[in-house]
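J.: Structure below; questions to follow.
What follows draws every value from the coordinates through simple rules; no lab data is involved. Keep in mind that this is a model prediction, so the values were computed, not measured. Note: ideal-geometry Cβ built from the backbone for every residue, glycine included; neighbour counts use all protein chains shown.
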C-alpha cells in the first residue's frame, strides 16, 4: 500500500510542469502603487523557510533566543549602520520568524551597491543576505542546525503604518507576540493541529 502511494506521489511530481517565467507569474503582495522608497513607518515579518524553529523556543510565554536568534538580533541592529536613514523601533525574534518596525526618512542616498533607490525591498534583501551568510557559517563552524533550501522564505510580509493608533497597536502586537505563541499562525504545532 505504501509503495503504491509513493509511486502516485512520484508520478504527480514528474507530471508537474517546470516553472516558466513567461507563463507563471508570482502575485505581488506589495501595496499596489505605493513608493517603498519614500519616508514612512514600516512593519515587516520574515519567516524561516518551512517554518523551521531555528532561532530559539518559547518557554512559559517568553522567547528564549539561541545563538542563531542572537545573530538575527545583531543584524537587525546593524541595519542602521548600513542604512543611516533608518530608525529602528520594536522587534522580536520568534522561533521561526521575526517581526520588526522601523522608520525611514526617505533618504535615497544610502542604497547598497547595485541599487538605484533605497527601498524596503533593498533593506529586507540586505538583511536576509547577511543573516543567511552568517547562519551558513554557523552551520559549518558551530554546528547550528542546517536549513532547507534557503534560510528565509522568498517573500516577506510588510505593512505601511499610517497612523499613531496603528503604530501603537503594532508595537503592542510585537511586544505580546511570544505570549501568544500557542495560537500563532506561524507555530508549527498550530499548523499541524489545523491540518487534522
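J.: Order of 196, 128 from fewest to most other C-beta atoms within 10 Å?
T.: Working: 196 4, 128 18.
Listing 196, 128 from fewest to most nearby Cβ atoms yields 196, 128.
J.: Still on this structure: Could you list 81, 57, 172 in order of exposure, starting from the residue whose Cβ has the fewest other Cβ atoms within 10 Å?
T.: On the way: 81 8, 57 14, 172 11.
Least crowded to most crowded, the residues run 81, 172, 57.
J.: Give the shape of the range 38-183 as rounded, prolate or oblate, defined through the alpha-carbon gyration tensor: a ≥ b ≥ c are the square roots of its eigenvalues, a/c under 1.5 means rounded, and otherwise the shape is prolate if a/b is larger than b/c and oblate if not.
T.: On the way: a/c = 2.09, a/b = 1.18, b/c = 1.77.
It comes out oblate by the Cα gyration axes.
J.: Related question: Using Cβ counts within 10 Å as a stand-in for footprinting exposure, how do 99, 168 rank, fewest first?
T.: On the way: 99 20, 168 11.
Sorted ascending by nearby Cβ count, the order is 168, 99.
J.: Follow-up question, since we're still on this one. Which distance in nm do the two modelled labels at residue 148 and residue 172 give, with both placed 7 Å along the Cα-to-Cβ direction?
T.: Distance between label points: 3.6 nm.
J.: Report the extension gain between residue 133 and residue 73 in nm, rounded to one decimal, defined as 0.36 nm multiplied by the number of residues separating them, less their alpha carbon distance.
T.: Working: separation 60, 0.36 × 60 = 21.60 nm, distance 1.45 nm.
Length gained, residue 133 through residue 73: 20.2 nm.
J.: Calculate the spin-label point distance for residue 57 paired with residue 87, positioning each point 7 Å from the Cα along the beta-carbon direction, and give it in nanometres.
T.: 3.9 nm
J.: Express in nm, to one decimal, how much length is gained between residue 141 and residue 157 on full extension, taking 0.36 nm for each residue of separation and deducting their alpha carbon distance.
T.: Details: separation 16, 0.36 × 16 = 5.76 nm, distance 3.13 nm.
This chain segment gains 2.6 nm when fully extended.
J.: Also, I was wondering about something else. What full-extension length gain, to one decimal in nm, is calculated for residue 193 and residue 165 as 0.36 nm per residue of separation minus the Cα-Cα distance? Present the calculation step by step, with values, prior to reporting the outcome.
T.: Details: separation 28, 0.36 × 28 = 10.08 nm, distance 3.35 nm.
So the extension gain works out to 6.7 nm.
J.: On to the next question. Using a/c under 1.5 as the rounded threshold, could you call the range 50-96 rounded, prolate or oblate? The axes a ≥ b ≥ c are square roots of the C-alpha gyration tensor eigenvalues, and prolate needs a/b larger than b/c, oblate otherwise.
T.: Details: a/c = 2.69, a/b = 2.10, b/c = 1.28.
Note, shape of the range 50-96 comes out prolate.
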